[in-house]
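S.K.: Before we start, here is the structure in question, set down as structure tokens.
The values are calculated or read from the model by the stated rules, or taken from the named source; none is laboratory data. For clarity, every value in this text was computed on a predicted model and none was experimentally measured. Positions of Cβ are backbone-derived with ideal geometry, glycine not excepted, and every protein chain shown enters the neighbour counts.
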């Protein structure tokens, strides 16, 4: 095997070793000596994450040395049925798209692992937490490195399992009403995601039925061949065009992505996922797992573009209400971006604001993929991983500081007032904060960088990635692109406004709680990863730096040789076949400008600055001054969006229904019916009854009766025969005489 591609399996080995170490040794080490045990447990898990990152870096350079040619590293035969010509290997696909995701997952993951060592210090489940984190990396790397949809689905389900485990990590914590909200949040995420997962299963069934394979390369080449030849596909006794089949598949992919990447209508699980520890929010629910749906769309770019082209050509069954499935994907993403942005206005929990922001930014990525801007979607995925991980970890630093201040208050206060403060205190409620700029200067500085990057302020990373998506929507004609452009522009304005609101409430003004007055900066173990992420949030735009003039470069060859410009696009085009299909005229991929669109960038920048100014200097200029003061937006129509999270509906219908059904299955179906009735009444009673019947009837009357009866019969016959043995010669002579008479009679009459 050329290059260092043989190291690819280590990408999965290192996280797996971390899981095994913390599962079997971590607990004993922590229990024996917490300080030393936490050091071994946390740093070993972090080392395994960093080792996986180094493997991804090696694969990156191997691809460059291999002229960016994709390599498939087969580990073993997974499914192999020679008689049916059915073969699915467990193989790692090393191409520019998968390596990009590997670098994001392991790079950001390593920083979050290190941060978590300080954040989770003293937690009883310290070793279990790091085992879960390494397990997540293991499954996420399976998802992004698999060479087939089936292997992708294994990782897809695996990260869903890890999400459930980590959301409910503090499953024993209860709210004031005595409800285990963390466990309920985990159940909620589990139930909602199953809908999307079922759609993924249906999509894979359709793909396998059509192409007799689940391998990416086989499916993509087969789809192009069928589309070019105009051949139909027989499905369920009907003849269908490949465009119609792929339209159904991509709609099912949209449902799957909506579940995993929190899009309408399945976004409701993500805000509640903030119940998990903050490092979980940063790693799984901001930077990596929730981007799985975006990765699925980008990886399936050939299927999306053939579905779009089939609609353009008027192929029967290749549209829904006159729109191609990618158009619906774009509209779903744009609608989610706006809706989540408006909901974020109404949140007071510092992490829930960021959670709805994540839903909104995922909407940008999904919309970009639906519009055919696959590089822009990946560009925003990467930069968002930088600044949103930064913001979540920074919010964790804020929460850590507030809890420290509260502990200080509790230790130095006594009596009813202290007890009252403890009951009211919520370290994540922004209404209790304020004035933390001077208390936590490092956290404030990095939080500002993350907020401005998220708001799209020049020249931070978010400006470049968000502008590329908006430029793509603006550059293409059609109602869908126009609607998506304006919806995303509104969403960008909302982003800047709610981030300005959050900055003002958290860091400026006077402290609105005694805990805020005594808050302190987090230790270097937590702030150092924040500084690294802040640097990435500043410099991330260089990954796909645009040209500054449309006429500066006339040929594609010139642009390929021009330094850092469009670096990510030139890197990813080797894994996005639709670029080549567009060049060959097979499909017509929507156009993405390669130069900076000054009008688009200017509008978005002005709106972002206006939103920041309006929130900081107008709406929240001198408010709130106390923790109980009414939010300025509560008296405006915007506050109606507070009902849109549907938290009450889900927490009072879906989750109770799930818990009720689970309880019914456990207590009635499994306990009362299967265990008590089937096992006790049917299995046990039938067995005991048959055993008694065997003992009392079959054995006593049957076996014993047969044996004893045989003895009695022999004894009876013996007693009868014994009477003939008298010992007198005359009796024996009479017997001989009678025997002779009988023999003579037999011979006479027989003849």
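S.K.: Residue check: is residue 197 out of contact with any strand residue (DSSP E or B) (no Cβ under 6 Å at 6 or more places or on another chain) and over 28 Å from residue 527 (Cα atoms)?
M.R.: yes
S.K.: Moving on to the next point. Filter the stretch 12-62 down to the residues that are in contact with a strand residue (DSSP E or B) (Cβ under 7 Å, 6 or more places away or on another chain) and touching a residue at least 60 places away in the same chain (Cβ under 8 Å) and list them by number.
M.R.: Passing the criteria: none in range.
S.K.: Something else about it: Do we find a residue being crowded, with 20+ Cβ neighbours inside 10 Å, within 29 Å of residue 71 (Cα to Cα) and either modelled with pLDDT under 80 or in contact with a helix residue (DSSP H, G or I) (Cβ under 8 Å, 6 or more places away or on another chain) (or both) anywhere in the stretch 189-196?
M.R.: no
S.K.: Okay, next question. Among the residues of the stretch 140-161, count how many are crowded, with 23+ Cβ neighbours inside 10 Å and either modelled with pLDDT of 95 or more or part of a helix (DSSP H, G or I) (or both).
M.R.: Looking only at that region, the number is 11.
S.K.: While we're on this one: Before we move on, is residue 543 assigned to a helix (DSSP H, G or I), at pLDDT 90 or above and closer than 27 Å to residue 568 by Cα?
M.R.: The answer is no for residue 543.
S.K.: I've got another one for you. Would you mind finding the one in 296, 331, 304 that is over 11 Å from residue 370 (Cβ atoms) and either part of a helix (DSSP H, G or I) or out of contact with any helix residue (DSSP H, G or I) (no Cβ under 9 Å at 6 or more places or on another chain) (or both)?
M.R.: 296
S.K.: May I ask you to say which residue of 76, 53, 44 is closer than 30 Å to residue 217 by Cβ and assigned to a helix (DSSP H, G or I)?
M.R.: From the options 76, 53, 44, the qualifying one is 53.
S.K.: Oh, and also: Considering only the stretch 307-328, how many residues are part of a helix (DSSP H, G or I) and surrounded by 24 or more Cβ atoms within 10 Å (Cβ to Cβ)?
M.R.: 6
S.K.: Still on this model: Kindly list the number of the only condition in (1) more than 30 Å from residue 511 (Cβ to Cβ); (2) modelled with pLDDT under 80; (3) in contact with a helix residue (DSSP H, G or I) (Cβ under 7 Å, 6 or more places away or on another chain) that fails for residue 649.
M.R.: Here residue 649 clears every test but (3).
Here's the yes/no breakdown for (1) part of a helix (DSSP H, G or I); (2) at negative phi; (3) modelled with pLDDT under 90:
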residue: 442; (1), (2), (3): yes, yes, no
residue: 449; (1), (2), (3): yes, yes, no
residue: 457; (1), (2), (3): no, yes, no
residue: 468; (1), (2), (3): yes, yes, no
residue: 477; (1), (2), (3): no, yes, yes
residue: 492; (1), (2), (3): yes, yes, no
residue: 503; (1), (2), (3): yes, yes, no
residue: 511; (1), (2), (3): no, yes, yes
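S.K.: Could I ask something else about it? Which of the following residues is in contact with a helix residue (DSSP H, G or I) (Cβ under 9 Å, 6 or more places away or on another chain) and surrounded by fewer than 24 Cβ atoms within 10 Å (Cβ to Cβ): 336, 346, 358?
M.R.: It is 346.
S.K.: Can you spot a residue in the stretch 79-102 that is within 26 Å of the chain's Cα centre (by Cα), within 29 Å of residue 575 (Cβ to Cβ), in a helix (DSSP H, G or I) and free of Cβ contacts under 8 Å to residues at least 60 places away in the same chain?
M.R.: yes
S.K.: Now a separate question. Being at pLDDT 85 or above, in contact with a helix residue (DSSP H, G or I) (Cβ under 8 Å, 6 or more places away or on another chain) and either in the same structural domain as residue 537 (by TED's automatic domain parsing) or crowded, with 23+ Cβ neighbours inside 10 Å (or both), is that true of even one residue in the stretch 77-93?
M.R.: yes
S.K.: Sort out for me the helices (runs of 4 or more DSSP H) sitting completely within the stretch 211-290 that have 1 or more residues that are closer than 26 Å to residue 351 by Cα and touching a helix residue (DSSP H, G or I) at 6+ places or on another chain (Cβ under 9 Å).
M.R.: Hits in the stretch 211-290: 242-260, 269-272, 278-282.
S.K.: Follow-up. Considering each residue of the stretch 571-605, count those that are assigned to a helix (DSSP H, G or I) and over 29 Å from residue 491 (Cβ atoms), and give that number.
M.R.: Qualifying residue count for the region: 4.
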